[in-house]
Structure formats: structure tokens, C-alpha cells
Amino acid sequence: MTESVNKAVNKDKYYDILQTYFEQPVPTSGYYWDDTVSVTYSFIGSADVPDREHHRQGPFLFEKAGASGGRWENTLEEHPTLFRVFAELPPTRQCILDFANSHGMLSTTTLFAQMPDENTRPKFQYLGYDDLKPGREFDARAESFYLWKEEIQQMRWITQLWDWIKEEDEQSLQTMFYLVKEGESFEFSSPERKVLNFGGKGTSQVPYEEETQYSIEGFYSDWSIPYRGQDDTLYYILADKEIVEQFSTSKDLLVAASKGTFDVEVGVIARGQQWGTSGIHYLNAGLTLLRDKTNDSLLSAVRPALIYDEQAAKLKPYLVPYDLLAALWTEFYLEVSGQKDSKRCGICGLWEDVTNKNKNWKVHPPCAARRRVDKYQAKIKQADTEERVTKPAKKPAGKKPAGKKPAKKPAAKKRGSAK
């Protein structure tokens, strides 16, 4: 190794592998929803998101045909709390479209679709196909509405779990876990239930076609929690915060979930007799679930890479997310691991990266300044109102009675004037 190469690689003995780098283009033309194409197969670039039937159901998010080019967004640097925004994103067409127009697509999904008719052909001319006739198969980068919906839901549930762990909210954590003891018979089922994720990854004992299913509106499947006779089994239950907080026990939550009135995910977190003999430590159970869900989303979607720093003339190690979805999970990972921290502004409600801010940070300085101005103006207005109410009104000046004008006094003579 030459001296110059040695200097470029090993000048600093240790590097911070938690350095992150992710950029993706955001097209100036924007995106739109399309309900016309018929998708035969979808290939999702991120290995963490497999092809599923509902990913082939429209509507689909396509890039608009128009002016080429766009801007590059460094998500992790420019928007370090974007995962919080994503978790709170309402899963509607317009909200998803606005998010995509600002930050790009979630993944590198490629859809293989058929052109429906001549009227829709102009929308896809930009793909470069010479023969786009009805029935002609083409491939394009696009994403299903249901892919967005389920990823928003997953991020929302896991960030919610993380917040409960930080707050040590024992009641909410207790409602998220249910223990089926050895020999106990426990089963709820609903033939009209929305698709339920039962068991998660790595649970081949689940007697269904897919080991992992998701609660997506419009797709139905039977579901049940079967009796596991050999070991104590600890189940987790994920649902929206507003749902979980309505129930005092996890069993009540499961009974309500069997009615199919809200989305829920149920799976196995652990098996073993220790859960029944020593009791459930809900904080540990929450951390275990948090670890499993985060790792599932990261291990195949974030990779270490060397990036050449031209200004410093050095190679530096970075964690590089595969796509925007992986970048969002990387932001979450950095917060859970203690490398980053975020808080919500107490005035405007927006999230702020407070990693390098005072630990007592509560509001954005501009928000605080505006509030002080608003309070001052309100105080002045109130004082003016009170003054008008309490101070008696002046009587209008009356007219003097008509009569002779008083005679003018003679002017005083000046000293030294002639007699």
C-alpha cells in the first residue's frame, strides 16, 4: 500500500459507521394515480418487500410524463425526522401523492402491466416503447396504493410502540401482549375479518398459504389464534393508538379485533415456559418486538459502503439505505439506538431533530417569538377594550345661550407711552 493510499484510508484510526448517506431524485413533473393499467407482476427492488397480490391492485402511482430532470434530495440530512411525518401520514390518495411529490417514491418497484386502451397510451409514451398498443405488456416504475398504506401503518405502529417504551407506559404495553399458557385452549376466529398478519416472519407453523399477511382494506381471509399445546406462547397485538387505549386488557382487544371493525396485526413474539413461570416483563417484551420489527426492515435494505470524500481525499464508511423506505427505517434506527432524538414542537406540532439541542427544548424559537407577539398584541387589545368599557363617555359640549357678546377689555398701555 503506497503512502498516499494509506493516508487516504487510514489517516483516522476509527470512523463512525453510523454515518449515513442516501439521495434519490424527485422528478419535477411529479406523480399521479392511475386506475387503468392491469398489472400482471410487480418486482420490488428492496428485498424486504416481497411481491404480494395486493401490490398488484390499483390505483398505482406513476411518474408524470413531461419535462425530464428533477432535484436530488438527501433525505437523511435534509429531513432527519421524516419517519415521524411518514408515520402520521393519513393513508389517502392526496396525502400520499403530496408526500411522493415532495420526497419521491418509497421503493424501486417495477410493475409489469398491460396497456388498457388507445386513450391511455399518451400517458406512457415517455417510457420509450415504440409499440404501445392495447394489450401490449410494458414495465415501468410504479407503486400500489396498498403498498403505501401498509408501510405507513407499519411505521405508525412501531413508532407508537417506541414512544410507549420511552414513556414506560406499562398499561399500553400490557394491552399489546397476550400469553397463551401451555395446555390452554384459546381461539378466536372471524370468516369476514380483513386480512390479518398472523405469526410474522419465520413462523412456518402457521397453517395458512402465506406466513405473513397484512390488514389491507378490501382483502379478506379467515383468521384465528390456534391452540399451541406444547409451550407457553406470547402473542403481540399491533393496532392504532386510539384503538389500543380503548381496552384495559389484551384479551378484550383480541375479542374486539375478531369483529373486524379495525385493522390489527397479531403474531408470535416468543415461546417457552419461562413466560408462564416468571411472568411477563412488558418492557422487555416491547423491546424484543421493537428489535425484531426494526431488524426485519433493515437487514436486507441497508448496506455498508465506502464513499470517496473528494474534499478530504479519503474513503469513508457509510450506511447506505437501498431506497426511501429503508432511509425512513434508518432514521428510526438512529433514534432507537440513541444516535438521534426528535421532539414535537409544543406550538406548531411539527417534529424537530433535537439531537444537538438543549435537553429541555420544547418549541421552535420562531414559534415562541410569534406566540410572544400574539400574547402582547392580545394584551394591548384587551387593555384597550377594558378602558373603553370602564371609562365614562365624555358629555357633548352644549351650545352657549344666545345673547350679547361680552365687551372686550381695553388693551393695557405700554410703559413709556405718551399720555
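The values are calculated or read from the model by the stated rules, or taken from the named source; none is laboratory data. Note that the structure is a prediction, hence the values are computed from the model and not measured. No Cβ is skipped: glycine too gets one built from the backbone with ideal geometry, and neighbour counts run over all protein chains shown.
Condition test on W162, is it assigned by TED's automatic domain parsing to the domain that holds C95 and modelled with pLDDT of 65 or more? No, not satisfied.
Could you list, in sequence order, all residues of the range 51-98 that are polar (S, T, N, Q), in a loop (DSSP other than H, G, I, E, B) and either at pLDDT 85 or above or under 12 Å from Y32 (Cα atoms) (or both)? Within the range 51-98, N74, T81, T92 qualify. Among the conditions (1) under 20 Å from the mean Cα position of the chain (by Cα); (2) surrounded by fewer than 18 Cβ atoms within 10 Å (Cβ to Cβ), the only one that K314 does not satisfy is (1). Return the residues of the range 77-116 that are under 19 Å from W351 (Cβ atoms), of a type outside the set (D, E) and without any contact (Cβ under 8 Å) to a residue 60 or more places away in the chain; say none if nothing qualifies. Correct list: H79, P90, C95, I96, F99. With respect to S278, determine if the residue is out of contact with any Lys or Arg (no Cβ under 8 Å at 6 or more places or on another chain) and modelled with pLDDT under 85. In short, yes.
Among the residues of the range 243-254, is there at least one that is closer than 24 Å to E331 by Cα, touching a residue at least 24 places away in the same chain (Cβ under 8 Å) and assigned by TED's automatic domain parsing to the domain that holds I165? No; the residues of the range 243-254 include none that is closer than 24 Å to E331 by Cα, touching a residue at least 24 places away in the same chain (Cβ under 8 Å) and assigned by TED's automatic domain parsing to the domain that holds I165. Scanning the range 294-304 for residues that are surrounded by 12 or more Cβ atoms within 10 Å (Cβ to Cβ) and farther than 28 Å from N101 by Cα yields a count of 1. Remark: pairs (first residue in the range 57-76, among the basic types (K, R); second residue at pLDDT 80 or above and outside any strand (DSSP E or B); Cβ separation under 7 Å; 6+ apart in sequence or on different chains) = K64/S29; K64/G30. When the test is whether a residue is modelled with pLDDT under 90 and under 25 Å from the mean Cα position of the chain (by Cα), L111 passes it.
Within the set L350, L319, L325, the sole residue that is in contact (Cβ under 8 Å) with a residue 60 or more places away in the chain, under 30 Å from E143 (Cα atoms) and either touching a Leu at 6+ places or on another chain (Cβ under 6 Å) or loosely packed, with under 14 Cβ neighbours inside 10 Å (or both) turns out to be L325. Within the range 307-352, the set of residues being of a type in the set (S, T, Y) and not in a strand (DSSP E or B) comprises Y322, T330, Y333, S337. Evaluating G45 against the criteria (1) modelled with pLDDT of 85 or more; (2) outside any strand (DSSP E or B); (3) in contact with a strand residue (DSSP E or B) (Cβ under 8 Å, 6 or more places away or on another chain); (4) surrounded by fewer than 17 Cβ atoms within 10 Å (Cβ to Cβ) leaves one unmet condition, (1).
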